[in-house]
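Q: Dumping the structure here so I can ask a few things about it.
What follows draws every value from the coordinates through simple rules; no lab data is involved. The structure presented is a predicted model; accordingly, all values stated were derived computationally and were not measured.
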Amino acid sequence: MIILTDTREQTPYTFDRWNIEIKAAGLPTGDYSLPGFENQIAIERKSLDDLINCLMGGNRIRFEKELSRARSYELFCVVIEADLSTIASGQYKSNMKPTAAIQTLAAFYIRYGIPFLFCSSRAGAEYQTYSLLQKYIQELEKRYEQSKKFNREVTA
């Protein structure tokens, strides 16, 4: 399995635990994807402070543009290296109120249909990212096999 990491990703996952080949690529959206599927699947990684930063001001406008682009993807989500209770208790470097942060995330989910997955830690978010990409490949293989079976039945 090869995982693409966006060239702008500042602290990329290594996926050392799974012995994964990683290649840097200029992804159109998100931080992680798969070769040949860059416009169909992407995972956006956010540390807690980065997430909160993306909910305000000019960063919010840029983030909403990314979420809007991602609506056309078959799979897109945001993995967060924190849990919701950390946001609710305001344990981040920002003046944004916890209620405003949570309400903004709820609004983004409703507006764009993009799930935000709270993974408790960086290791948890890396594991979730790997799991999503790996499962996506498995599902593609199933679809391919079903398509081959269907084509054999049709031509028989």
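Q: Beyond 20 Å, what share of the Cα-Cα pairs of segment 77-151 is found? Please give it as a whole percent.
A: 49
Q: Please compute the contact order of the chain in relative form: average sequence separation of alpha-carbon pairs under 8 Å and at least six residues apart, divided by the residue count, as a percent.
A: 20
Q: Still on this structure: Considering only E66, E126, E44, give the residue with the highest GNM mean-square fluctuation for the chain, with springs between Cα atoms whenever their separation is below 10 Å.
A: Sorting by GNM fluctuation, first place goes to E66.
Q: Full extension from S47 to Q146: what is 0.36 nm times the residue separation minus their Cα-Cα distance, to one decimal in nm?
A: 31.8 nm
Q: So what is the calculated 222 nm ellipticity per residue for the chain, using -39500 (n - 2.57) for each DSSP H run with n of 4 or more, over all residues, to the nearest 500 deg cm²/dmol?
A: About -15500 deg cm²/dmol.
Q: Give the angle, between 0 and 90 degrees and rounded to the nearest 10, that separates the Cα long axis of helix 98-112 from the longest principal axis of the Cα atoms of the chain.
A: Approximately 30 degrees, to the nearest ten.
Q: Which log10 I(q)/I(0) values does the chain give at q = 0.21 Å⁻¹ under the Debye formula, counting every alpha carbon as one identical point scatterer?
A: -1.39
Q: Angle, helix 57-70 long axis vs. longest principal axis of the chain, Cα atoms, 0 to 90°, nearest 10?
A: Rounded to the nearest ten degrees, it is 20.
Q: Ok, one more. Helix 122-155 versus the longest principal axis of the chain: what angle, 0 to 90°, nearest 10, using Cα atoms?
A: Tilt relative to the chain: about 30 degrees.
Q: Would you mind computing the Rg to Rh ratio of segment 6-46 from its alpha-carbon coordinates, Kirkwood style for Rh?
A: Expressed as Rg/Rh, it is 0.93.
Q: Also, I was wondering about something else. Give the aspartates and glutamates reachable from K93 as a straight Cα distance under 18 Å; neighbours fewer than 8 places away on the same chain don't count.
A: D49, D50, E81, D83
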